[in-house]
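Here is the structure we will look at, set down as structure tokens.
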Amino acid sequence: MNANLVGIAIIDIVFFTLLVLTAVAIIRQRSLFAVAMLSGVFSLLSAGLFVTLDAMDVAFTEAAVGAGISTVLMLGTLALTDKDEMKRKRSALLPLLVCFVAGAALIYGTLDMPPFGAADNPVQTHVAPEYIERTPAEIGIPNIVAAVLASYRGFDTMGEVVVVFAALVGVLLMLGTTGRPSGKRKE
Amino acid sequence: MYMFLAITAALFVAVILVLVRLFAGPTLYDRVLAANTFGTLTVLILSALGFVTERPDFLDIAMLYALVNFVSTIAILKFVRYRSFGRIRPETEDR
């Protein structure tokens, strides 16, 4: 078990390193097609991280939406715009400072959190035992996350699906499905 | 278990090689191929990780990744060929 934990920690570190490398490459890359490819890779890497965190449903969503659909949407956008990013004119100093301040604030916010994975955390003692106790009797499926999402919070999930569908229809209406008007295609 | 850890390590080395090709890749096709290979490697890593953590039910997610990877590679290649996903206009067909 202990060797397992060490292995998972090493895998997490490798995943995070690759994630940072991909993010830096996305920032430095000028060709927008390569950026679309790299953002797909970024989602696949984060989906792998979610799997090592045991969040299977989040990993499913990230893989299907992040790596599949959003890559296709970005390429659809690319058909309407230029192939390369414009050179930036102003210096990046102020945005960098804002990022550092926001990141420091977020890290400061996590200092109050209970230790990761401890057995007496509020998340473990508040409503989770009730769901674990009631799911086999009331819903009768082995996956408790699915039971919570599809049954206990069924209306909430339906609302989410409606919002996502509306967003998709909006994006499709904006982009169209045919790309550039004919005869103006660039090579 | 150690064998699966070794497999995972080897797969991560392969991932790094693919990422180098994806970052540097001089032509567009290098990048498409690298992205496709990266998806395949993710599937393999997830399968190996499932056995490392002794929960091989991760294989379901690996299957999903394989399908998503296939569909998005087809979509990317179609985009590269026709510059659009929808109706293909006749004058673009003989490129």
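Would you mind stating whether A:THR52 is at negative phi, under 17 Å from the mean Cα position of the chain (by Cα), open to solvent by less than 60 Å² (accessible area, probe 1.4 Å) and of a type in the set (S, T, N, Q)? Answer is yes for this residue.
Counting only helices (runs of 4 or more DSSP H) that sit wholly inside the range A:95-164, those with at least 2 residues that are open to solvent by less than 70 Å² (accessible area, probe 1.4 Å) and of a type outside the set (Lys, Arg) are A:128-138, A:144-147. For A:THR81, are the conditions met, namely being in a loop (DSSP other than H, G, I, E, B) and either in contact (Cβ under 8 Å) with a residue 40 or more places away in the chain or in the same structural domain as A:PHE16 (by TED's automatic domain parsing) (or both)? When the stated conditions are applied, A:THR81 passes them.
Just to verify a result, which residue in the range B:42-68, among those that are open to solvent by less than 20 Å² (accessible area, probe 1.4 Å) and under 12 Å from the mean Cα position of the chain (by Cα), is farthest from the other protein chains (Cβ to nearest Cβ)? So the residue we want is B:ALA62. In summary, A:ALA64 fulfils each of the numbered conditions (1) in contact with a helix residue (DSSP H, G or I) (Cβ under 9 Å, 6 or more places away or on another chain); (2) exposed (fewer than 13 other Cβ atoms within 10 Å of the Cβ) with the single exception of condition (2).
Within the range B:7-32, residues that are within 23 Å of A:ARG30 (Cβ to Cβ) reach partners that are open to solvent by less than 50 Å² (accessible area, probe 1.4 Å) and not in a helix (DSSP H, G or I) with beta carbons closer than 6 Å, at six or more positions or on different chains, in the pairs B:ARG31/B:GLY25. Cβ-Cβ under 9 Å, sequence separation 6+ or interchain: first residue in the range A:43-54 and more than 8 Å from chain B (Cβ to nearest Cβ) and within 18 Å of B:ASN69 (Cα to Cα), partner of a type in the set (Gly, Ala, Ser) and open to solvent by 30 Å² or more (accessible area, probe 1.4 Å). Which pairs? As it stands, the answer is A:SER43/A:SER70, since those pairs meet every condition given.
The values are calculated or read from the model by the stated rules, or taken from the named source; none is laboratory data. These numbers were taken from a predicted model, which means no experiment stands behind them. Ideal geometry is used to build each Cβ from the backbone, glycine not excepted, and the neighbour counts take in all protein chains shown. For the accessible areas, the whole protein counts, side chains as well, though only heavy atoms, and no ligand, DNA or RNA atoms are used. Shrake-Rupley method; radii C 1.70, N 1.55, O 1.52, S 1.80 Å.
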